[in-house]
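Reviewing the structure listed below.
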Ligand code: ATR
């Protein structure tokens, strides 16, 4: 049996096993199995060792361990190094290496799913400076104009150390009209929570995409409000699928198809 894991805490909500086991079956990887495991920080070393000993063939890492796993690894790929965030483990040349597929997962949604041919010269407004935000900024690419705001200014300043070209905006204020506005905060996970940012200047703006990384609930107030203003919207489901696709490709060399069937499984 070739075992794969997603580790996190909590982990009960994770839909990763559903996706990866579906792909293992579809692409005829016999005896491959993916499961979720709730772990504590003390368990991280053991998990990495299990990859080293081939007891685990691959691991996805989720909240709150994407950074905490790093000291236990033998190496990082370029994006994991840049973002200091790891969501995929793989043994390569006898070393356990940490990869970040969130970043490409995010960007793929804009190009492949949303249909932009390019986002060159787009302006991005990124709300939040939490664990996932560095992957989003890396995915956008620093060639674009990126404004970032966070309730706690210290954290946006820390982010600017990693990505010097971003422009920090005070919490509660807004940059000029942007092409894509992304919520990377946890506000909206609970019903009725709402970001206290006034977007009324986007009324009837059919160009701007409001993108919430949250996918449960499917439509946060951030997205509901955008929809009622006439803006485009997208939730985090597609990013979740595209990061899973990139992890699967790293592990198996097969690039699994993202189609309506897999989206239906998630719904
Ligand atoms: P995770 O690693 O799960 O992303 P995190 O790193 O704590 O968690 O990030 C949560 C993000 O949501 C942060 O940007 C956080 O802002 P602070 O840095 O000020 O804490 C943001 N966030 C959470 N609750 C918020 C709230 N009620 N209002 C505004 N921002 C909030």
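Every read-out reported here was derived from the displayed coordinates using simple, explicitly stated rules and does not represent laboratory data. Just so it is clear, the model here is predicted, and its values are computed rather than measured.
Observations on the structure shown:
- Angle between the chain longest axis and helix 237-252 axis [Cα atoms, degrees, rounded to 10]: 30
- Among beta bridges that DSSP assigns inside the chain, antiparallel share in %, nearest 5: 20
- Whole-Å distance, taken between Cα centres, linking the range 220-267 and the range 83-147: 14
- Euclidean distance between Cα centres, the range 149-163 to the range 196-217, Å: 22
- Highest-MSF residue in the chain out of 103, 85, 200 [GNM, Cα springs under 10 Å]: 200
- Mean residue ellipticity (222 nm) of the chain, computed from DSSP H runs ≥ 4 via -39,500 (n - 2.57), nearest 500: -9000 deg cm²/dmol
- Residue with peak Gaussian network fluctuation, the chain [Cα springs, cutoff 10 Å], from 140, 177, 166: 177
- Convex hull of the chain built on C-alpha atoms - directionally averaged projected area, nm²: 14.0
- For the chain, built as a Gaussian network whose Cα springs stay under 10 Å, the top-fluctuating residue of 86, 63, 132: 63
- The chain: angle of helix 16-26 to the longest principal axis, Cα-based, in degrees nearest 10: 60
- Cα-based convex hull, the range 103-235, per residue volume (Å³, whole number): 100
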